[in-house]
Amino acid sequence: MAFPRDRERTTGRQLLTEYLDAIVAGRGLSENTRTAYGRDISRYLDYIEKIGKGPEAASPEDVSGFMLYLKKSGLSSRSYTRAMVAVRGFYRFLQKRGLIEASPCDLIELPRASTRLPQYLSIEEVDRLLESVDTATGTGLRDKAMLELLYAAGLRVSELVGLGLNDLNLQTGCISAFGKGGKTRLVPIGQAAMMWLKRYIDEGRPRILKGRSSTRLFVTNRGGAMTRKHFWHIIKKYAFLAGIDRERVKPHIIRHSFATHLLERGADLRAVQEMLGHADISTTQVYTHVRTERLRLLHKKHHPRG
């Protein structure tokens, strides 16, 4: 039995909020994932509301119509797949709540996410990027420390900008990274990153703050916390100075480079998984494919019968 349309709309939005709360609390997903899923399912609810239905009354044909709508909207294959995975998860939630007997997604073959090999920089390119920073200023010392740490620890950009002073232990050479799902992990950072972090804390950070106080490790000229957007501009600036295509240089590309370079030098896959903060080792294994592909290309290029 269908609800009146106004009640359907209210119920759908309330159920969406409950579902998003459940996946964050129960599955340990990040707030970024919550935001993405919320946007995808809201788009679905908007679509079925336009045809006078709520989520409980939707049919497989309605879901198929939404899939066609997404394809025509020009979404990337990855965004399209994520949207449909979100809708399917939403209906599983409604089933568990006893609000529907069967999911309208059950009879529909949903797309599988394609596995794309992650892009990464060569060691020579990373060196050029790190050496492009002028460390004569306080902000230069900050930028140098951030780039060195990003590469040394393979951090996500949200983890990097969210670091507090207490998350860094220069005596043990480790940082505490607050990752996806609210999980914290210890990551070793190496001598070079430690040296630049110490210089930034001793020299650069006081010059930036000018007597102001902050609990954050990386701060802006106004004394506020570094943001993802601000750091995005920073890394693009140094990619330009290093003569590297700026479209290739993004924070997550440095993270991919960290993992790839470790595995190329024989690091244990489980250890890399732990440092990256991957819940499932299959996520880390994609870097072994990068390594295999690189070896294949080198063989083809240099072997007499390649």
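Hey, among the residues in segment 160-181 that are of a type in the set (Gly, Ala, Ser) and either buried (at least 18 other Cβ atoms within 10 Å of the Cβ) or within 14 Å of the chain's Cα centre (by Cα) (or both), which one's modelled with the lowest pLDDT? Write out each step before concluding.
Step one: list which residues in segment 160-181 are of a type in the set (Gly, Ala, Ser), which gives 162, 164, 173, 176-177, 179, 181.
Those left that are additionally either buried (at least 18 other Cβ atoms within 10 Å of the Cβ) or within 14 Å of the chain's Cα centre (by Cα) (or both): 162, 177, 179, 181.
Numbers: GLY162: 94, ALA177: 89, GLY179: 81, GLY181: 69.
Per the criteria, the residue is GLY181.
Would you point out the residue of segment 51-65, among those that are among the aliphatic types (A, V, I, L, M) and surrounded by 22 or more Cβ atoms within 10 Å (Cβ to Cβ), that is nearest to the chain's Cα centre (by Cα)? Spell out the reasoning first.
First, the residues of segment 51-65 that are among the aliphatic types (A, V, I, L, M): 51, 57-58, 63.
Next, from what is left, pick out any that are surrounded by 22 or more Cβ atoms within 10 Å (Cβ to Cβ): 58, 63.
Numbers: ALA58: 32, VAL63: 28 Å.
Restricting to residues being among the aliphatic types (A, V, I, L, M) and surrounded by 22 or more Cβ atoms within 10 Å (Cβ to Cβ), the top hit is VAL63.
Return the pair list, or none, for Cβ contacts closer than 6 Å from residues in segment 276-298 that are more than 21 Å from VAL187 (Cβ to Cβ) to residues that are modelled with pLDDT of 70 or more and not in a helix (DSSP H, G or I), at least 6 apart or on different chains.
none
Check whether at least one residue in segment 240-255 is free of Cβ contacts under 8 Å to residues at least 24 places away in the same chain, under 17 Å from THR284 (Cβ atoms) and of a type outside the set (A, V, I, L, M, F, W, C), and report yes or no. Before you say what the answer is, go through the steps one by one.
Going through segment 240-255, the residues free of Cβ contacts under 8 Å to residues at least 24 places away in the same chain turn out to be 240, 245-247, 250.
From the residues that got through so far, the ones that are under 17 Å from THR284 (Cβ atoms) too are none.
So far as segment 240-255 goes, no, none of its residues is free of Cβ contacts under 8 Å to residues at least 24 places away in the same chain, under 17 Å from THR284 (Cβ atoms) and of a type outside the set (A, V, I, L, M, F, W, C).
Could you list, in sequence order, the residues of segment 73-95 that are surrounded by fewer than 16 Cβ atoms within 10 Å (Cβ to Cβ), part of a helix (DSSP H, G or I) and modelled with pLDDT under 90?
SER77, ARG78, SER79
Within the set of pairs 6 or more residues apart or between chains, which connect a residue that is closer than 14 Å to TYR19 by Cβ inside segment 85-110 to a residue that is assigned to a helix (DSSP H, G or I) and polar (S, T, N, Q) with Cβ atoms less than 8 Å apart?
Hits for this filter: SER103/GLN95.
It is to be established whether one or more residues within segment 135-158 are in contact (Cβ under 8 Å) with a residue 12 or more places away in the chain, surrounded by fewer than 21 Cβ atoms within 10 Å (Cβ to Cβ) and closer than 23 Å to ASN32 by Cα.
So in segment 135-158, the residues in contact (Cβ under 8 Å) with a residue 12 or more places away in the chain come out as 135, 137-158.
Cutting the leftovers down to surrounded by fewer than 21 Cβ atoms within 10 Å (Cβ to Cβ) gives us 135, 137-140, 158.
With closer than 23 Å to ASN32 by Cα added as a condition, the list becomes 158.
Looking through segment 135-158, at least one residue is in contact (Cβ under 8 Å) with a residue 12 or more places away in the chain, surrounded by fewer than 21 Cβ atoms within 10 Å (Cβ to Cβ) and closer than 23 Å to ASN32 by Cα.
Starting from segment 57-79, take each residue that is farther than 12 Å from TYR47 by Cα and list its partners that are of a type in the set (Val, Ile, Thr) and not in a helix (DSSP H, G or I), counting only C-beta distances under 8 angstrom and pairs at least six apart or across chains.
PRO60/ILE108
The values are calculated or read from the model by the stated rules, or taken from the named source; none is laboratory data. A quick note: this is a predicted structure, and the numbers were derived from the prediction, not measured. Glycine also receives a Cβ, built like all others from the backbone with ideal geometry; neighbour counts cover every protein chain displayed.
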